[in-house]
Every structure is written in structure tokens, then in C-alpha cells.
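What follows is a short report on a single structure.
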Amino acid sequence: MTATIEPKIIKERLPSASARLSLVPTGSVPGLLDGAWWPRSRDLLREIPTLTDALDACWGRLTHVTVNPAHWPVIPRKVPVTGHTVHVGWFADEQDPNKVILFSYTVGRLDLLVIPPETEPAAAARLMAAATVPGGSRASSGLMADEAMSHDAAEARGREEEWETDGGAASAAGAAIGILSPP
């Protein structure tokens, strides 16, 4: 006698890590940004549920999200989250590519800097701190440009220090002096 057991297919959200999110302190002077979000991927179907889990309890039920499609390869129209659905929209020219706008019926609107998933932790920490300055006047793209310039300058200093410690400047200077001085 043979028994066939049909497996039950259970569709449930995979457990995910908590959202990497930093918000301006409650009651602060309003600024251009209300905080920063550092998603783990560029998959909105995976990332929005994690974001709503973090915000729904303290901020109110998240109902709509808008993004700029520059950094999101797929933009779903609706994302199922715990207990409801979040509608997703996009604006190519009108919205900063480094910002996500969140809407709630109860509280209103939050503008968050989106830190690219591949960002190094130290850079992400600096960006999160910069985006949560009460009354901050820097836009998302401005903060990202500042961080890129800071990273480039630090990288150049590192290359120069490496060159100096490997005998680059001293050896080159000594060789030039030896060539120019008479025997």
C-alpha cells in the first residue's frame, strides 16, 4: 500500500532583519529630511515590509511610498505588508533619486534619505547622522555628494600615505638629487 502526501504550500513572508532606520528626534525643528533608511537590497517587495514593521507601531500605518526609479530596478504598484497593503508610486524627474517619501493617514509624510545597500557601514553611519540633524538644510543628493567627496579625499590620502611609506617621495627625491648633483 502506498500513501501520497501532498505538501502544503504555505506562502508567508520570510523573516527579515530589522530595518536600518534613523529618524529625527520627535519634536525637533523640521528640516528637509526626517531621517535615513539603509535597505539591505534594491528589492522593494522585500524592503518595504521591513520598513513598515519598524514604522507602523511608532508612526502610524504606512499607506503609500514614492521613489525615484533611478536606483530601484523593479517598482511594484502594491506591496503586501503585515495586515494591509502599501501602494507604491514613482516620480522620475520630480523626486530626488536618493530619497523615499512615506505617507501615513495618521501622521502625514516622512522624507528619508535612502542609503545604497552596498554602502560601507562607516559611511552609512555618517549619512544616517547627517540626515537626522534637527532642522537640517541638506537635501538627499547633497548629503550623498558630500559623502562621495569625503570618501574620494580619504582614498587619495590613503594612497599618498602608502606611497610615502613605501619610499615613493623620499626615494624619488633622492634619485633626482643624485642625478642633478655633480660626481
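The table below gives the values:
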{"read-out": "Reciprocal mean inverse distance between Cα atoms of the stretch 21-156 - Kirkwood radius, Å", "value": "15.2"}
{"read-out": "Rounded to the nearest 10 Å², the accessible area of residue 112 at probe 1.4 Å", "value": "0"}
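The values are calculated or read from the model by the stated rules, or taken from the named source; none is laboratory data. Everything quoted here is computed from the prediction, not taken from an experiment. Just the protein is used for accessible areas: all its heavy atoms, side chains included, with ligands, DNA and RNA removed. Shrake-Rupley method; radii C 1.70, N 1.55, O 1.52, S 1.80 Å.
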